C-alpha cells in the first residue's frame, strides 16, 4: 500500500510513520477496525498537494494523507482540480476511536447545510466506508435533538425524517431521527425506542449539518479522549484524507490504518 504525504517532513508525520512501523514489527494491534492487523505501507514523499494528487491519479500512490500543514480549503481545492468528484456531493468523515469503541461520523468537514439529496449521498458514502472498516454490519443513526418525533416540528427534524423514509426499503441498517444518547446508549434506547434495530448500538452517526458535526467530533476528541482519523474526504474519485492541523501522532497512525483499508 503506497501512501503519499505532501507534508512528509512534518515532525508529527515522521513520528507517526516511525511508530506505525514499530507497531507492525511488534504485531501490536489497532483495536476497533476490521481485524486485518497493521497494514504494510510504503510512505512516499511529494513536494506539494498538486504533485501528491497527480501521484494518486496516476496509480503511483494508492491514497494521500495531507492537511497537517495545509488548510482544508487547499486540500479540497487540490482534490477537486486533480482527482474529481465521483458524484454530486463530497463530505468529511471522522473515524473516532477509544479503546475498543469506534464510531464513524459524517459530515463534519465539508457540506454546511446539506439538503435531502446531499444527505442521502453522504449516507451512502459513509456506509460504503464503514463496510470496509467494520467487521460487522454498519448501524446508521440519523442524529437530532429529537428522538422519533419528540422534538415536534422543526426543519432539521423534518429533514431527517424525510431522509429516513428514503431508506425504508433499503438493505442499509438505518434509523432515526434520534438523540445521541438514544443512538449509542442501550439503556436509554430501551426506554425511548426499544424496537429500533439501530438505537443503542449505532456505530455510524449522521448529523444534520456541519455545525453539529464539527462540534461533535471535536467533543469526542478533546473531551471524551477519542483519537480521530481524518477528516476523510468522501465523494472524490480516489480516497484521500485531510488531517486536522491539531492531529496527534496517534491520530495520524489511525488515519494511516483507515486510509490503507479504504484504498484496498
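Some values worked out for this structure:
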| read-out | value |
| --- | --- |
| Meets criteria (without any contact (Cβ under 8 Å) to a residue 60 or more places away in the chain and under 28 Å from residue 55 (Cα atoms)) for residue 200 | no |
| Segments classed as helices (runs of 4 or more DSSP H), wholly inside the range 166-246, with at least 1 members that are at pLDDT below 95 and within 30 Å of residue 2 (Cα to Cα) | 210-222 |
| Among residues of the range 205-247, those that are surrounded by fewer than 19 Cβ atoms within 10 Å (Cβ to Cβ) and out of contact with any strand residue (DSSP E or B) (no Cβ under 8 Å at 6 or more places or on another chain), counted | 10 |
| Yes/no for residue 250 being in contact with a strand residue (DSSP E or B) (Cβ under 6 Å, 6 or more places away or on another chain), within 18 Å of residue 7 (Cβ to Cβ) and surrounded by fewer than 24 Cβ atoms within 10 Å (Cβ to Cβ) | yes |
| Of residues in the range 103-121 being under 15 Å from the mean Cα position of the chain (by Cα) and over 19 Å from residue 242 (Cα atoms), the one surrounded by the fewest Cβ atoms within 10 Å (Cβ to Cβ) | 121 |
| In the range 122-156, the residues that are surrounded by 20 or more Cβ atoms within 10 Å (Cβ to Cβ) and assigned to a helix (DSSP H, G or I) | 122, 123, 125, 126, 127, 129, 130, 133 |
| Contacts under 8 angstrom Cβ, first residue in the range 58-77 being on the phi > 0 side of the Ramachandran plot and modelled with pLDDT of 95 or more, partner surrounded by fewer than 16 Cβ atoms within 10 Å (Cβ to Cβ) and in a loop (DSSP other than H, G, I, E, B), 6 or more apart | 67/245 |
| Conditions (1) surrounded by 14 or more Cβ atoms within 10 Å (Cβ to Cβ); (2) in contact with a helix residue (DSSP H, G or I) (Cβ under 9 Å, 6 or more places away or on another chain); (3) closer than 27 Å to residue 204 by Cβ; number of the one not met by residue 49 | (3) |
| Residue match in the range 256-264 (condition: within 13 Å of residue 180 (Cβ to Cβ) and buried (at least 24 other Cβ atoms within 10 Å of the Cβ)) | no |
| Positions within the range 30-55 being closer than 15 Å to residue 256 by Cα and more than 20 Å from the chain's Cα centre (by Cα), in sequence order | 40, 41, 42, 43, 44, 45 |
| Hits in the range 90-100 - residues which are farther than 12 Å from residue 123 by Cβ and touching a helix residue (DSSP H, G or I) at 6+ places or on another chain (Cβ under 9 Å) | 90, 92, 94, 95, 96, 97, 98 |
| Failed item, numbered, when residue 193 is tested on (1) in contact (Cβ under 8 Å) with a residue 60 or more places away in the chain; (2) more than 30 Å from residue 21 (Cα to Cα); (3) crowded, with 18+ Cβ neighbours inside 10 Å | (1) |
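The values are calculated or read from the model by the stated rules, or taken from the named source; none is laboratory data. As the structure is a computational prediction, the values presented were derived from the model and not from experiment. Cβ: placed from backbone, ideal geometry, glycine included. Neighbour counts: every protein chain shown.
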